[in-house]
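The values are calculated or read from the model by the stated rules, or taken from the named source; none is laboratory data. These numbers come from a predicted model, not from an experiment. Don't worry about glycine lacking a Cβ; one is built from the backbone with ideal geometry, like all the others, and counts go over all protein chains shown.
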Amino acid sequence: MSSTKNRGSITLLVGPMFSGKTTELFRQANMYMLKGKKVALVRYAKDNRYSDNLASTHDKRTMKAISAIHLSEVFDKLMECEVVVIDEGQFFDDVTSVCDELANAGKIVVVSTLNGDFQRKPFDSVVPLFPLVDKIVKLNAVCMPCGNKAIYTFRTVLNSEVEVIGGSDMYKAVCRECYFKLKEEQSKAQLEKQRSQILHSIEAVSIMSMNSPLSCVESENIDPSLNVIRQMNDR
């Protein structure tokens, strides 16, 4: 009789937002439960848009889940199950080490994760997991502006933080062409906002100067702002 320990497996569900990753995660969890397996579903605790103890799809389908910020917090609970499914894997900084340890202990692990952030950059937590997985399932969404196949996630609000949790109020699934089109429109809108803010500041200073005449030195201090406006108008 072989003494080799039975190994588990890791399946990675990858795609942009709105590609059905959580829906597929639920499907696989239900499939294993129908087979009589004990299944644990883990959700990211900081994502409390829908519930503190339910994982949810964008169309509000839910499943009871274990909440955690780090997978190591609930590792003992996960070891009690035969199948572990993890939603939003990119948010767990220990996703690679924990998934590998679970699989090596004979657990079936299924993880859903974004294929990249809003800047099309990989998540540092997920990159080391790719060489360790048994299977990768690539999912696509529908491009919200044009209806073609979407492969990227575009953030519609101006925020440079990587972890900004939101839904359709903050993100769109987009194709390659629409991604760059929206980026250009967003840059122009941001530039226009900056121009408006500078004009407003100069107008406020001008009103103040009418009541309190500026010296020559003080007047020179306004010129750089005026130059910025001229440069913006030249673009």
task = Determine which member of the set Thr153, Thr113 is outside any loop (DSSP other than H, G, I, E, B) and over 23 Å from His70 (Cβ atoms).
result = Thr153
query = Quick one: in segment 45-71, which of the residues that are at pLDDT 95 or above and in contact with a helix residue (DSSP H, G or I) (Cβ under 6 Å, 6 or more places away or on another chain) is farthest from Val109 (Cα to Cα)?
reply = Ala68
ask   = What is the number of the single condition among (1) within 22 Å of Thr22 (Cβ to Cβ); (2) in contact with a helix residue (DSSP H, G or I) (Cβ under 6 Å, 6 or more places away or on another chain); (3) surrounded by fewer than 17 Cβ atoms within 10 Å (Cβ to Cβ) that Phe154 does not meet?
value = (3)
remark   = Taking segment 35-93 and keeping only residues that are surrounded by 14 or more Cβ atoms within 10 Å (Cβ to Cβ), in a loop (DSSP other than H, G, I, E, B) and acidic (Asp, Glu), one is left with Asp47, Glu82, Asp87, Glu88, Asp93
ask   = Would you call Gln231 at pLDDT below 70 and in a helix (DSSP H, G or I)?
value = yes
remark   = Residues in segment 94-118 that are surrounded by fewer than 20 Cβ atoms within 10 Å (Cβ to Cβ), within 29 Å of Arg155 (Cα to Cα) and in contact with a helix residue (DSSP H, G or I) (Cβ under 6 Å, 6 or more places away or on another chain) total 1
ask   = Which number in (1) in contact with a strand residue (DSSP E or B) (Cβ under 7 Å, 6 or more places away or on another chain); (2) closer than 17 Å to Val164 by Cα marks the one condition that Asp47 misses?
value = (1)
query = Only one of (1) surrounded by fewer than 21 Cβ atoms within 10 Å (Cβ to Cβ); (2) touching a Cys at 6+ places or on another chain (Cβ under 9 Å); (3) in a strand (DSSP E or B) fails for Ile10. Which number is that?
reply = (1)
request  = Read through the list (1) in contact with a strand residue (DSSP E or B) (Cβ under 9 Å, 6 or more places away or on another chain); (2) in contact (Cβ under 8 Å) with a residue 40 or more places away in the chain, then give the number of the only condition that Gln90 fails.
outcome  = (2)
key: Output for segment 167-202, where each listed residue is without any contact (Cβ under 8 Å) to a residue 12 or more places away in the chain and either surrounded by 13 or more Cβ atoms within 10 Å (Cβ to Cβ) or of a type in the set (S, T, N, Q) (or both)   = Phe180, Ser187, Ser196, Gln197
